[in-house]
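Let me begin by presenting the structure, written as structure tokens, before commenting on it.
The values are calculated or read from the model by the stated rules, or taken from the named source; none is laboratory data. Just so we're clear, the structure is a prediction, and the values are computed from it rather than from any experiment. Cβ atoms come from the backbone with ideal geometry, glycine included; neighbour counts cover every protein chain shown. When the accessible area is computed, the model is the full protein with side chains, heavy atoms only, and any ligands, DNA or RNA have been set aside. Shrake-Rupley method; radii C 1.70, N 1.55, O 1.52, S 1.80 Å.
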Amino acid sequence: AGTHQLLRPDAGGPHAPVCPAERKLSANSDYLIVEDRTVTLDSTAITKISGGKRSLTIRWNKVSTPLGALYIDGYQIQYGTKKSFNGAKKVTAKGYGRTSMTIKKLLSGKKYYVRVRTYAKVGNKTYFSKWSKIKAVRVR
């Protein structure tokens, strides 16, 4: 047991990380499963955040790596009224191509802090990137 990572042997050395979440492997696959390697995912950044009536809309960048579509399953957004994110909620935006989300049923007049990260699923494990920088918005 350990972490899994998919590696392509011809990419810059014998164990250069390429793709931590390809689902279907075959005998002819370019990828191998390697035990006990650290999985690192590319993080994203919030590009725009706007407050609406009891809601907020967040937009972020798609991961720009060439293989991003192969291994990123979606984005996790965390939001709350405290900058420390104590008691904050998390929602998931499924799909690599998704770049925005509207969160509703928020408290009017409150300031919300938001951050986002990418995730990938390998088997029954989920891997996350680092969180983006925190952005704040006031909800009307």
Kindly check whether there is at least one residue in segment 33-47 that is among the basic types (Lys, Arg) and modelled with pLDDT of 90 or more.
no
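Give the residues of segment 95-116 that are out of contact with any Lys or Arg (no Cβ under 8 Å at 6 or more places or on another chain) and closer than 17 Å to Asn61 by Cβ, sorted by residue number. Break it down stepwise before answering.
Keep residues of segment 95-116 that are out of contact with any Lys or Arg (no Cβ under 8 Å at 6 or more places or on another chain), which gives 95, 98, 101-103, 116.
Those that are out of contact with any Lys or Arg (no Cβ under 8 Å at 6 or more places or on another chain) and closer than 17 Å to Asn61 by Cβ: Gly95, Arg98, Met101, Val116.
Among the strands (runs of 3 or more DSSP E) lying completely within segment 59-140, list those that include at least 3 residues that are open to solvent by 80 Å² or more (accessible area, probe 1.4 Å). Steps first, please.
Values: elements: 74-80, 89-94, 100-103, 111-122, 125-128, 135-138.
The qualifying strands (runs of 3 or more DSSP E) are 89-94.
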Scanning segment 116-140 residue by residue, the ones that are of a type in the set (Val, Ile, Thr) and at pLDDT below 95 total 3
